[in-house]
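*Asks:* Sharing a structure here in structure tokens format.
No value in this document is a laboratory result; all are computed from the given coordinates. Given the structure is predicted, the values throughout are model-derived calculations rather than measurements. Reconstructed Cβ throughout: ideal geometry from the backbone, glycine too, with neighbour counts over all protein chains shown.
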Amino acid sequence: MIKLKRIAEIINGELKGNPEDTITSINSLKNAANNEIAFTMKETIDLKSVKAGALIVKKESRINYPNLIFVDQPYMAFAKLLNYFFPHKRFNEGIDKNTYISSTAILGKNISVGAFSTIGDNSSIDDHTEIHAGVIIYRNVKIGSHCIIYSNVVIREDVEIGNHVIIQSGAILGSDGFGFTLDSQGNITKIPQKGRVIIGNHCEIGANTCIDKSTIEKTELKDYVKTDNLIQIGHNVTIGKSSRLSAQTGISGSTEIGEDVLMGGQVGIGDHLKIANGVMIAGKTGVTGHIKQKCIIAGYPHQEIRKWRKDQVLIRNLENYVERIKLLEKKVKKLEEK
Amino acid sequence: MIKLKRIAEIINGELKGNPEDTITSINSLKNAANNEIAFTMKETIDLKSVKAGALIVKKESRINYPNLIFVDQPYMAFAKLLNYFFPHKRFNEGIDKNTYISSTAILGKNISVGAFSTIGDNSSIDDHTEIHAGVIIYRNVKIGSHCIIYSNVVIREDVEIGNHVIIQSGAILGSDGFGFTLDSQGNITKIPQKGRVIIGNHCEIGANTCIDKSTIEKTELKDYVKTDNLIQIGHNVTIGKSSRLSAQTGISGSTEIGEDVLMGGQVGIGDHLKIANGVMIAGKTGVTGHIKQKCIIAGYPHQEIRKWRKDQVLIRNLENYVERIKLLEKKVKKLEEK
Amino acid sequence: MIKLKRIAEIINGELKGNPEDTITSINSLKNAANNEIAFTMKETIDLKSVKAGALIVKKESRINYPNLIFVDQPYMAFAKLLNYFFPHKRFNEGIDKNTYISSTAILGKNISVGAFSTIGDNSSIDDHTEIHAGVIIYRNVKIGSHCIIYSNVVIREDVEIGNHVIIQSGAILGSDGFGFTLDSQGNITKIPQKGRVIIGNHCEIGANTCIDKSTIEKTELKDYVKTDNLIQIGHNVTIGKSSRLSAQTGISGSTEIGEDVLMGGQVGIGDHLKIANGVMIAGKTGVTGHIKQKCIIAGYPHQEIRKWRKDQVLIRNLENYVERIKLLEKKVKKLEEK
């Protein structure tokens, strides 16, 4: 239970209402009860259906409601309060006794390692990082500070992870790239994959996502890259700062993604391509060539999205056009027979 | 070894043949040997190639074969016999000594927990449920009775699972939803994901499937929902009773799927959409808008399937139509020159 | 540090240059320093930007460079040297004490099993195979010799794996096929999946890939099949020798893939189909029918790739054709009014 005036302080907002009113939790606008606080970015909401004890709104909002807190960024304020009401709890404290930690591993301060996790030779984990249960860390891995590695993640040898990185459960970092050649008998032979995977600071890797190492070069995600679940990142790929990839997207080998690139779900990008900074890629797009400047693309093969949409409408009208061709043919035949 | 008359009892069928003939196993129609039983739903099969010792057929079947058992539902009878000849065996009995189980966890009767699994604080597992090896169950998780949780599944905090649920290996329930905003410096900042994942009774979740929690609301699969492998279910999604999703399908955040919806593989559904009860969605469909009533859809952007098929045929004939346009142009030019 | 003449011996090549020059590592053509060796398959490279201490080239190459080693297969030679400079290291030696191994399991010679792995009743592991950490092997599993099973792999009951097989982290072999029927009350009921998964010799299975067992028949990958990450292989599927599947591809139940079939990423193949030997399938293709002979296909529904490409060009020109139809209509109207 917390007073509204205290909440206003926490989120650095201006309160219009009763500072002594108490709030017990946070909720969505739709579900918030009269002892809960919610937020809205919209001006036109049906206030009759809102029961929240207070609303967080934009500084310039003209919404009329008993308790309002005005802030610069309501969504950021909401995020802050989520952490206030539901503080992050570590999986466990300290190093569980049921772990395997190499005698050559280097552990920083205030680290936790959950049950049934392993840390291999010469791997290092920096301060305040938490490793949950069932996490397998191979040799020569570097993990920065303030990271959270969720359960059943696998981090293969030589992977390097920055600070403030979150890796969701089941993600595999540093699996072998898909590289083969034919030997002299014509049998498919594996090309050893000895490269490194490098993850920048403030990255987040989704559940069951796979990031492959390459033969000898590096696969790299720069700072603030965020990937959703079940994503495939091929060997030797580079992803620029702050790019965000939605679920089930796949990037083929040696492709370079720029900064601030946004991808919808189930996107596929071919190998050895370059995607410029700021490109937006609609869900299910298949990218088959370089994208040299900022634009929005869709379709397979990809196109500029307005062109793609126009073509989709034309396809839906093909029936009509075909009828018109047939009618023209009849008319022309008649004219010819005149 | 079991007599045919006993098999007929087990599947509640009517035997036409020798009740004393013995059967040692069950097999497919194609592969069944003369001491094995098979089933068929078809009337027109090439009996010369069938070697089975007995066939299970529909009540009204007119198939002529030495040993026949007539039942209402041959496929259900086959399922029953599969369980008879290959009875389910638990991964292990009781609680393996190599587990971590919180002192505040509540375990029902007749539970098994395999090696290297963990059960967190205040989590509860109801009677007869089996947890295989390497399963990581976080805090405040509720798992109902008669469930099977296969190896290396991760169940994050606050997830609630009904009775008779099966979760295949590697599935991740309750991973963080993909929610970010920009902070005042323009850096991408994580929105804490504190919501719950709720799985109804009789659900099955496929291998390596991911079901995300949301910021504060719930992600919910109602009773009898069945998902195949490698599926992505975004935060705040609801899936209605008895809907079935095939492999590699992805549902974006806050979408509501109705009851009895069937999806092929690699389907993608956009965010904040509503899909009506009974809708069928062909493989690889990209759903970009609400589907307001029962129908079959395909394509990307999705269309009613007959329209989509017709358009695909028209596209394949485009070459021909273009030729006809060119011919018309020539003819019209000639007519104009007259 | 190794002399060039020794490298030439290892890769069975002919050295042109200084046999006493020393090399310390291997690298890509782009990044190799003057103490590193690289390879190239191309004849036309910008030698000014190359700093490598030596180059491996094709026997017939006419490249002019201080140190050259001529071989039949430069890429194979490169693979050999990768293994020389970065020799494979086992995850651990011997059987970790923190494992669960059934008393009825049979272990060959020179096997390693990492921490927190399990081997179930009657399962056998042949000589020289390494099982990393967190690997769960159920009952009656057979694993051949010289295999590498990476961390957090799950191998379900009755799975059979040949020799020299590599299974990347997080892969699930033998998860239940997606088979259901309606019971007499109309509820969806699971069909027990009691079949086997069989993996041939020299196969490689990608990270987080799922291979389902079927009700009673077998799901089989023949020798030298290579699958990338996040692939779904449905129950009762057969994949012929040396076929290669790229990431996020899905094969539906009971489909038979021939030998030497190549698939791009995110391909989807319907159920009960036959794909002939040598077929090549472009990324994102949706295969909806049998492919009876060697060819290259693309699109959804799939087509021969040249036809598909032609149609894509026609679609992009639809705007133009529609304008021409409109113009024809005007002209014909005028002609009719004459």
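*Asks:* For a footprinting-style exposure proxy, rank A:LYS338, A:LYS284 by other Cβ within 10 Å, fewest first.
*Replies:* Listing A:LYS338, A:LYS284 from fewest to most nearby Cβ atoms yields A:LYS338, A:LYS284.
*Asks:* Starting from the Cα of C:ILE10, move 7 Å in the Cα-to-Cβ direction to define the label point; list residues of region C:59-98 whose amide nitrogen is under 13 Å from there.
*Replies:* Of the residues in region C:59-98, C:77-88 have backbone N under 13 Å from the label point off C:ILE10.
*Asks:* Tell me the volume per residue, in Å³, of the convex hull enclosing the alpha carbons of chain B. Intermediate values should be presented prior to the final figure.
*Replies:* Numbers: hull volume 76.0 nm³, N = 338.
Dividing the Cα hull volume of chain B by its residues yields 225 Å³.
*Asks:* Right, here's the next one. Calculate for chain C the 222 nm mean residue ellipticity that helices alone would give, adding -39,500 (n - 2.57) per DSSP H run of length 4 or more and normalising by residue count, nearest 500 deg cm²/dmol. Intermediate results must be reported in sequence, preceding the final value.
*Replies:* On the way: 4 runs with 51 residues, N = 338.
It comes out at -5000 deg cm²/dmol, rounded to the nearest 500.
*Asks:* Another one. Could you run the Karplus curve 6.51 cos²θ - 1.76 cosθ + 1.60 with θ = phi - 60° over region A:284-296 and give me ³J(HN,Hα) per residue in whole Hz, x for Gly and Pro?
*Replies:* 6, 5, x, 8, 10, x, 4, 10, 8, 8, 3, 6, 10
*Asks:* Turning to a different aspect of this structure: Given Cβ point charges of +1 (Lys, Arg) and -1 (Asp, Glu) and nothing else, what value in debye, to the nearest 20, does the dipole of region A:2-85 about its Cα centre take? Don't jump to the answer; show the numbers that get you there.
*Replies:* Values: 12 positive and 9 negative charges, 19 e Å.
Roughly 100 debye for region A:2-85.
*Asks:* Can you give me the pair-distance distribution of region B:62-169, C-alpha pairs, 5 Å bins, whole percents?
*Replies:* Histogram of Cα-Cα distances, whole percents per bin: 3, 12, 19, 23, 12, 7, 6, 6, 5, 4, 2, 1, 0.
*Asks:* What is the calculated FRET efficiency for C:SER103 to A:ASN83, with r their C-beta to C-beta distance and R₀ = 41 Å, to the nearest 0.05?
*Replies:* Values: r = 50 Å, r/R0 = 1.21.
Once rounded, the FRET efficiency stands at 0.25.
*Asks:* Next up: Starting with the fewest neighbours, write out C:GLU130, B:GLU93 ranked by other beta-carbon atoms found within 10 Å of each beta-carbon. Intermediate values should be presented prior to the final figure.
*Replies:* Values: C:GLU130 21, B:GLU93 9.
So the residues, fewest neighbours to most, are B:GLU93, C:GLU130.
*Asks:* Among DSSP beta bridges lying fully in region A:1-96, give the percent that are antiparallel, nearest 5.
*Replies:* Values: 5 of 14 bridges.
That works out to approximately 35 percent antiparallel.
*Asks:* Report the dimensions of region C:279-337 along its three principal axes from the alpha-carbon atoms, largest first, rounded to Å.
*Replies:* Result for region C:279-337: principal-axis Cα extents of 56, 19, 16 Å.
*Asks:* If you put +1 on each Lys and Arg Cβ and -1 on each Asp and Glu Cβ, how big is the dipole of chain C around its Cα centre, in Debye rounded to 20?
*Replies:* About 1460 debye.
*Asks:* With label points built 7 Å along Cα→Cβ from the Cα atoms of C:ARG90 and B:LYS48, find their separation and express it in nm.
*Replies:* 5.7
*Asks:* Assume the label is 7 Å from Cα along Cα to beta carbon: what separations in nm does A:LYS109 have to the matching positions in the other copies?
*Replies:* Those separations, rounded to one decimal, come out as 5.3, 5.3 nm.
*Asks:* Normalising by the residue count of chain C, find the relative contact order in percent from Cα pairs under 8 Å and 6+ residues apart.
*Replies:* Working: 934 pairs, mean separation 21.0, N = 338.
Relative contact order comes out at 6 percent.
*Asks:* Say each of A:LYS310 and B:LYS3 gets a label point 7 Å from the Cα, pointing the same way as Cα to Cβ; how far apart are those two points in nm?
*Replies:* 8.0
*Asks:* Also: Output the antiparallel fraction of DSSP beta bridges having both residues in chain C, as a percent to the nearest 5. Can you show the working numbers first?
*Replies:* Values: 10 of 76 bridges.
Percentage antiparallel, nearest 5: 15.
*Asks:* With N set to the residue count of region B:153-301, report its C-alpha Rg divided by 2.2 N^0.38 Å to two decimal places.
*Replies:* Numbers: Rg = 14.9 Å, N = 149, 2.2 N^0.38 = 14.7 Å.
Normalised Rg, Cα atoms only: 1.01.
*Asks:* Further, regarding this structure: In the protein assembly as shown, what percentage of the DSSP-assigned beta bridges are antiparallel, given to the nearest 5?
*Replies:* On the way: 30 of 228 bridges.
Antiparallel bridges: around 15 percent, rounded to the nearest 5.
*Asks:* What residues have an amide H closer than 5 Å to that of B:LEU182, excluding those fewer than 5 places away on the same chain, when H is modeled at 1.01 Å from N in the peptide plane?
*Replies:* Those qualifying (amide H under 5 Å, at least 5 residues apart or on another chain) are B:THR189.
*Asks:* Out of A:ILE69, A:SER242, A:ILE216, whose Cα points farthest toward the positive end of the dipole of chain A (charges: +1 Lys, Arg; -1 Asp, Glu; placed on Cβ)?
*Replies:* Farthest towards the positive end: A:ILE69.
*Asks:* How big, on average over all directions, is the shadow cast by the Cα convex hull of region A:169-226, in nm²?
*Replies:* Details: hull surface 17.7 nm².
Approximately 4.4 nm², given one-decimal rounding.
*Asks:* Using θ = phi - 60° and the Karplus form 6.51 cos²θ - 1.76 cosθ + 1.60, what ³J(HN,Hα) does each residue of region B:86-99 get, whole Hz, x for Gly and Pro?
*Replies:* Each residue of region B:86-99 in turn: 10, x, 4, 10, 4, 4, 7, 9, x, 9, 4, 6, 8, 10 Hz.
*Asks:* Toward the positive end of the charge dipole of chain A, about the Cα centre and with charges on Cβ (Lys, Arg +1; Asp, Glu -1), which of A:CYS295, A:ILE45, A:SER184 goes farthest?
*Replies:* A:ILE45
*Asks:* If the only charges are +1 at each Lys and Arg Cβ and -1 at each Asp and Glu Cβ, what is the size of the charge dipole of region A:252-301 around the Cα centre, to the nearest 20 debye? Don't jump to the answer; show the numbers that get you there.
*Replies:* Details: 4 positive and 4 negative charges, 33 e Å.
Charge dipole, region A:252-301, about its Cα centre: 160 debye, nearest 20.
*Asks:* In cubic angstrom, how much convex hull volume per residue do the alpha carbon atoms of region C:2-85 span?
*Replies:* Values: hull volume 6.3 nm³, N = 84.
Convex hull of Cα atoms, per residue: 75 Å³.
*Asks:* Please list the equivalent ellipsoid semi-axes of the protein assembly as shown, computed as the square roots of five times the alpha-carbon gyration tensor eigenvalues, in descending order and whole angstrom.
*Replies:* On the way: eigenvalues 347, 297, 296 Å².
Whole-Å semi-axes of the equivalent ellipsoid: 42, 39, 38.
*Asks:* To the nearest 0.05, how large is the calculated FRET efficiency for C:GLN185 and A:SER25 if R₀ is 60 Å and r is the Cβ-Cβ distance?
*Replies:* After rounding to 0.05, the efficiency reads 0.90.
*Asks:* Between A:SER252, A:VAL159, A:GLY174, whose Cα lies farthest towards the positive end of the dipole of region A:153-301 when Lys and Arg beta carbons carry +1 and Asp and Glu beta carbons carry -1, centred on the Cα centre?
*Replies:* Projecting each Cα onto the dipole axis, the largest value belongs to A:SER252.
*Asks:* Measuring from centroid to centroid over Cα atoms, what is the spacing of region C:1-63 and region A:239-285 in Å?
*Replies:* 35
*Asks:* Could you go through region C:40-46 in sequence order and give the Karplus-derived ³J(HN,Hα) for each residue, using 6.51 cos²θ - 1.76 cosθ + 1.60 with θ = phi - 60°, rounded to whole Hz, and x for Gly and Pro?
*Replies:* Ordered by residue, 3J(HN,Hα) equals 8, 9, 8, 8, 9, 10, 7 Hz.
*Asks:* Let me ask another. Based only on other Cβ atoms within 10 Å, what is the fewest-to-most ordering of B:ILE149, B:ILE111, C:ILE251? Before the final figure, lay out the partial values.
*Replies:* Values: B:ILE149 28, B:ILE111 19, C:ILE251 31.
Sorted ascending by nearby Cβ count, the order is B:ILE111, B:ILE149, C:ILE251.
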